[in-house]
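Contents: one structure, followed by commentary.
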Amino acid sequence: MLKVILLLAACAAGLGANAHGAGPCGNGSAAARDGGPICTGSRPAGTSAGAPFSAATPPAGWTRAVASADGALTYYVNVATIRRTGDRVTMWDLLDSRTTIASGRARYRSMSVEREYDCDRGRVRILFISAHSGNLGEGELVGSEDAVRPWISNATQSVGRGLWDVACGQG
């Protein structure tokens with residue numbers, strides 16, 4: 001399992017939330033990298049202020065990709081963010097948890113991740129990650145990391161396989 005490292009100091013210094021410019025979150029409080037939204041304030045574009053988020057109502061543009069066996073974690077993908085260059089693909093996914101996840105002192109319920117997939121070599125790496133206190137990218141930005149992680153082998157029997165299938169066209 002990937003260990004999530006959140007750089008809280010970067011957020012406190014103002015480096016995490018708006019380092020990449022405005023994105024399609026509907027309120028201007030977003031970072032975007034290669035078209036992938038990371039909503040840091042209120043609701044993403046296409047959602048109403050009165051409607052609570054749930055696993056049944058992902059933000060506009062996000063499609064349910066895969067869930068953990070116990071249903072506690074659901075991954076969504078934004079297919080509009082898929083970018084292919086040769087055998088490599090970048091894509092944004094959004095992890096949503098029914099319960100609060102703890103990583104050190106950070107507490108979050110959702111995470112936006114930009115990943116790069118090497119479809120020929122069967123590997124994946126994280127390019128950008130942000131964690132949010134609320135579900136589906138809502139709530140306070142808890143932390144973010146804009147650093148390319150090392151390549152890891154893609155597990156063939158895991159939640160990650162569902163994301164792989166979308167990115168590499170196997171689904």
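The values are calculated or read from the model by the stated rules, or taken from the named source; none is laboratory data. As the structure is a prediction and not an experimental result, all values here were calculated from the model. Cβ atoms come from the backbone with ideal geometry, glycine included; neighbour counts cover every protein chain shown.
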Restricting the search to region 98-128, which residues are in a loop (DSSP other than H, G, I, E, B) and out of contact with any helix residue (DSSP H, G or I) (no Cβ under 6 Å at 6 or more places or on another chain)?
104, 105, 120, 121, 122
Only one of 74, 47 is modelled with pLDDT of 90 or more, on the phi < 0 side of the Ramachandran plot and of a type in the set (Val, Ile, Thr), namely 74
Out of the residues in region 132-171 that are under 12 Å from residue 114 (Cα atoms) and aliphatic (A, V, I, L, M), state the one that is surrounded by the most Cβ atoms within 10 Å (Cβ to Cβ).
167
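Table: residues versus (1) on the phi < 0 side of the Ramachandran plot; (2) in a loop (DSSP other than H, G, I, E, B).
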site	(1), (2)
130	yes, no
139	no, yes
155	yes, yes
167	yes, no
